[in-house]
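Shown next, in structure tokens, is the structure this report addresses.
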Amino acid sequence: MPDAEAVKEGKKYYEDVPQETPGFFLKGSGALDWGMKNRLARVFNPKSGRAVMLAVDHGYFQGPTTGLERIDLNIVPLIPYCDALFCTRGVLRSMVPPATTKPMVLRASGGPSILKELSNEQICMDMEDAVRLNVAGVGIQVFIGGEFETRSVHNMTRLVDMGLRCGIPVMAVTAVGKDMARDARYFRLACRICAELGAQYVKTYYVPDGFETVTASCPVPIVMAGGKKIPELDALTMAYNAVQQGASGVDMGRNIFQSDAPVAMLQAVAKVVHDNMKPEDALELYQTLKEKK
Ligand code: R5P
């Protein structure tokens with residue numbers, strides 16, 4: 001068993017050599033079954049190979065956070081503009097119109113609120129319910145380095161086993177504790193563990209220094225989480241850099257639903273992700289769409 005000392009930096013990630021994707025357009029997904037591939041192709045656009053997911057699951061541990069006070073008023077109007085919605089089953093059943101044809105990815109872990117130790121999560125839904133709800137995937141938090149690291153990894157591997165039985169992909173979400181370093185070294189470790197242990201794709205944060213090594217060393221697609229609200233140009237630049245550096249899309253929340261014009265912001269992010277639009281042009285698009293409204 002290699003010890004921690006042996007984990008040296010200065011490795012070769014061949015960031016400029018894309019991983020081959022035989023059998024399917026998505027990285028590392030060629031050997032998956034038809035149903036799993038079909039669900040992934042509902043979230044990730046087969047033409048661009050990328051996805052714009054709208055994350056609105058924050059209430060599962062934060063309650064009615066800013067911008068999510070009223071899902072029916074704040075979020076339902078945004079659904080036509082995203083590729084997939086990442087939400088809880090409670091929100092799905094109570095507020096998302098069942099006539100929507102957009103793919104849904106459900107948050108499948110939970111337990112502690114912001115008042116407690118966040119890494120102490122459990123699986124919070126049955127895969128049978130995910131099938132009943134006709135979802136395109138489920139997502140679960142993994143706390144590498146957190147107090148309940150092993151439990152969260154085990155939650156993920158159990159969910160992956162359940163997902164494989166019915167063809168539902170699992171998105172692992174790398175959660176970072178308050179006092180932990182958010183750098184490429186950490187995210188390489190966290191993303192790789194999630195992929196090695198079976199997640200079909202991984203959601204992680206962008207880091208300005210070395211993000212391409214995070215994507216290169218993760219054998220399955222990565223989608224970028226947005227994080228705290230920042231100015232629109234900065235958020236568009238972050239999304240642009242993430243996809244240029246190997247991410248297969250974004251799963252953004254606050255930088256969209258806390259924007260002054262969420263529909264415009266979502267459309268601008270989609271242009272950056274699917275059409276490689278430069279951040280400055282996307283900002284201009286955002287402002288035009290915002291004014292039109
Ligand atoms: C993470 O814990 C939340 O569940 C969100 O899905 C995630 O953080 C992405 O949202 P945001 O872009 O607001 O960070």
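Some points to look at:
- Residues of the range 121-153 satisfying the condition of being polar (S, T, N, Q) and in contact with a Gly (Cβ under 6 Å, 6 or more places away or on another chain): Gln122
- Test: residue in the range 87-96 that is in contact with a helix residue (DSSP H, G or I) (Cβ under 7 Å, 6 or more places away or on another chain) and part of a strand (DSSP E or B): no
- Condition met for Thr237 (touching a strand residue (DSSP E or B) at 6+ places or on another chain (Cβ under 7 Å) and among the polar types (S, T, N, Q)): no
- Taking the criterion of being out of contact with any helix residue (DSSP H, G or I) (no Cβ under 7 Å at 6 or more places or on another chain), within 15 Å of Asp83 (Cβ to Cβ) and within 11 Å of the ligand (Cβ to nearest atom), the residues of the range 250-279 that qualify are Asp251, Gly253.
- Unmet criterion (only one of (1) surrounded by 17 or more Cβ atoms within 10 Å (Cβ to Cβ); (2) in a loop (DSSP other than H, G, I, E, B)) for Ser152: (2)
- Listing of helices (runs of 4 or more DSSP H) fully contained in the range 195-293 that carry 1 or more residues being surrounded by fewer than 21 Cβ atoms within 10 Å (Cβ to Cβ): 211-216, 232-244, 262-275, 279-292
- Scanning the range 173-185 for residues that are within 16 Å of the ligand (Cβ to nearest atom) and not basic (Lys, Arg), we see that the one that is surrounded by the fewest Cβ atoms within 10 Å (Cβ to Cβ) is Met180.
- The residues of the range 142-155 that are free of Cβ contacts under 8 Å to residues at least 24 places away in the same chain and among the polar types (S, T, N, Q) amount to a single one, Thr150.
- Residue check for Ala190: within 18 Å of Phe44 (Cα to Cα) and either at pLDDT below 95 or within 15 Å of the ligand (Cβ to nearest atom) (or both): no
- When the range 42-86 is filtered for residues that are more than 12 Å from the ligand (Cβ to nearest atom) and in a helix (DSSP H, G or I), the ones remaining, listed by number, are Arg42, Val43, Ile71, Asp72, Leu73, Asn74, Val76, Pro77, Leu78, Ile79, Pro80, Tyr81.
- Of everything listed in (1) closer than 28 Å to Asn38 by Cβ; (2) surrounded by 14 or more Cβ atoms within 10 Å (Cβ to Cβ), the single unmet condition for Ala99 is (2).
- Residue within the range 156-172 that is touching a Lys or Arg at 6+ places or on another chain (Cβ under 9 Å), touching a residue at least 24 places away in the same chain (Cβ under 8 Å) and within 14 Å of the ligand (Cβ to nearest atom) present: yes
- Enumeration of residues in the range 197-222 that are more than 16 Å from the ligand (Cβ to nearest atom), more than 16 Å from Val17 (Cβ to Cβ) and β-branched (Val, Ile, Thr): Val220
- Some residue of the range 240-249 being touching a Ser or Thr at 6+ places or on another chain (Cβ under 7 Å) and within 14 Å of the ligand (Cβ to nearest atom): yes
The values are calculated or read from the model by the stated rules, or taken from the named source; none is laboratory data. All figures in this text were calculated on a predicted structure; none of them were measured in a lab. Reconstructed Cβ throughout: ideal geometry from the backbone, glycine too, with neighbour counts over all protein chains shown.
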